[in-house]
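Notes follow the structure.
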Amino acid sequence: MGVDCHGWVEVRDPTTPATEGLRFPGWWSGVIRMKDIVERNYQVFGYFFDVRNPFETALAGRRGIPWHMSQEALADVIDPNDLPAVSWVLWSEILASDWQSKLTLPPGWSLLFALIEQLAAYYSGDRVRLVIWFDDSIGI
């Protein structure tokens, strides 16, 4: 049985001052539902999220549910406490990694990353993140 991913690209409001962001950190909003764009790709799943991982380590392997997950993402999850593999990664972390020397993104993932680049140009790389979970615990 194959493993598919679900998740959201989330952003934090750039107009929220840093001090307010610390007091009210839950201002993440889901802006792109990933399953509408990306295809199954075990190289991508493994490199970034440690799912069917052919690499030595994963960039953001199974970090769990992020703090203050957006309402849009929560609405897609039946039970956030029963996800076999869930993680999140900031766009700034992806940019700091050497993923381009190890992966060739398939078309859907290339489109997603291009969209995220545009969001990060406005929100900043520390205010854009991928929140992802996988739908099959067999073989993960």
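The values are calculated or read from the model by the stated rules, or taken from the named source; none is laboratory data. Note that this is a predicted model, so its numbers are computed, not measured. Every residue, glycine among them, receives a Cβ derived from its backbone with ideal geometry; neighbour counts consider all protein chains shown.
Could you say whether any residue in region 119-130 is among the basic types (Lys, Arg), modelled with pLDDT of 90 or more and under 12 Å from Val9 (Cβ atoms)? Spell out how you get there, then give the answer.
Let us first name the residues in region 119-130 that are among the basic types (Lys, Arg), namely 127, 129.
If we keep only those that are modelled with pLDDT of 90 or more as well, we get 127, 129.
This time we only want the ones that are under 12 Å from Val9 (Cβ atoms), so: 127, 129.
Yes, that holds for at least one residue.
Candidates Leu95, Leu111: the one that is surrounded by fewer than 17 Cβ atoms within 10 Å (Cβ to Cβ), more than 19 Å from Ser124 (Cβ to Cβ) and either modelled with pLDDT of 90 or more or of a type in the set (Lys, Arg) (or both) is Leu111.
Here is the figure for region 105-137: residues that are in contact with a strand residue (DSSP E or B) (Cβ under 7 Å, 6 or more places away or on another chain), among the charged types (D, E, K, R) and either in a helix (DSSP H, G or I) or more than 12 Å from Ser92 (Cβ to Cβ) (or both) total 3.
Screening Ser101 against (1) under 18 Å from Trp8 (Cα atoms); (2) modelled with pLDDT of 90 or more leaves a single unmet condition, (1).
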